[in-house]
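The values are calculated or read from the model by the stated rules, or taken from the named source; none is laboratory data. These figures come from a predicted structure and were not determined experimentally. All Cβ positions, even for glycine, are placed from backbone atoms using ideal geometry, and neighbour counts span all protein chains on display. Only protein heavy atoms, including side chains, enter the accessible area calculation; ligands, DNA and RNA are left aside. Shrake-Rupley method; radii C 1.70, N 1.55, O 1.52, S 1.80 Å.
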Amino acid sequence: DKVVQEIHIDGVPLHIVDTAGLRDTDDTVESIGIARTWKEIERADVILHLQDATQPADELDAQIVARLPERTPLLTVFNKVDLLDRPFAATPGQLGISAREGAGLDELRARLLGLAGWNPGAESPWLARERHLHALQDAAGHLAAATEHAAQDDRVLDLFAEELRLAHDSLTSITGQFTSDDL
């Protein structure tokens, strides 16, 4: 399963999807979850690969990184650096943090903003990726169709409702889940 949360860093909304771990398994249900995780990874704008700094990298970590989409920015985050005997030596594309002590979290926030394309000196805080623009165009098309159905009074209310649902789904692909009350 996945946990979906929208967070805000310096007023910039980020849609976070925390997925299940990736590994080889013969369990059918777990395999479905892992397949869904890979689909989420394919859709991601940025990938955070979380690893335990106290454990050596293994073959599975190398296989995961090799399978990640090359077009998507990757940040490997090593947690538990507070438990190491020596200072953590990060290489480019890596970051060491301690979730327990809060070390490195400001740098993680800054890196996330940078990967999202946030520029504090830019005139507009609007960050749009091509898929966001397509989702907005899809939503506008569904709303236009809903307007046409609404003009036909109550004869096609089911089609009107379906167009609203499809517009809702398009917007949700950008903003995250929201309820029909929000709509």
Gain in span if fully extended, LEU136 to LEU83, counting 0.36 nm per residue against the direct Cα distance:
14.5 nm
Just to confirm, what accessible area per residue do you get for the chain at 1.4 Å probe, in whole Å²?
68 Å²
Cα→Cβ-extended label distance, 7 Å offset, between GLU101 and ALA161, nm
5.7 nm
Let's test the formula: R0 of 35 Å, r as the Cβ-Cβ distance of GLN152 and THR172. What FRET efficiency results, to the nearest 0.05?
0.85
What nm value, rounded to one decimal, do you get for the distance between HIS15 and ALA90 when each label is placed 7 Å out toward the C-beta?
2.6 nm
Relative to the chain, whose Cα atoms define the longest principal axis, helix 105-116 and its Cα axis are tilted in degrees, nearest 10, by 50 degrees
Kindly rank 50-59, 100-109 from highest to lowest mean number of other beta carbons found within 10 Å of each residue.
100-109, 50-59
Rounded to the nearest 10 degrees, what's the angle between the helix 130-150 long axis and the longest principal axis of the chain, both from Cα atoms, 0 to 90?
20 degrees
List ARG155, ARG165, ordered by accessible area with a 1.4 Å probe, largest first:
ARG155, ARG165
Please identify which residues in the stretch 40-67 have an amide N closer than 17 Å to a label point set 7 Å out from the Cα of GLU30, following the Cα→Cβ vector.
59-61, 64
Computed helical MRE - 222 nm, the chain, DSSP H runs ≥ 4 contributing -39500 (n - 2.57), nearest 500
-14000 deg cm²/dmol
How big is Rg to Rh over the chain, alpha-carbon atoms, Rh as the Kirkwood inverse-mean-distance radius?
1.06
Roughly how many debye, to the nearest 20, is the charge dipole of the stretch 35-102 about its Cα centre, given +1 on each Lys and Arg Cβ, -1 on each Asp and Glu Cβ, and no other charges?
200 debye
Please give the contour-minus-distance gain from GLU40 to ARG71: 0.36 nm per residue of separation, less the Cα-Cα distance, rounded to one decimal in nm.
9.7 nm
Springs between alpha-carbon pairs under 10 angstrom, Gaussian network model over the chain: which of LEU14, LEU75, LEU143 fluctuates most?
LEU143
Lys, Arg +1 and Asp, Glu -1 on Cβ, resulting dipole of the chain about Cα centre, debye, nearest 20
560 debye
In degrees from 0 to 90, rounded to the nearest 10, what is the angle of the helix 28-43 Cα long axis to the longest principal axis of the chain?
80 degrees
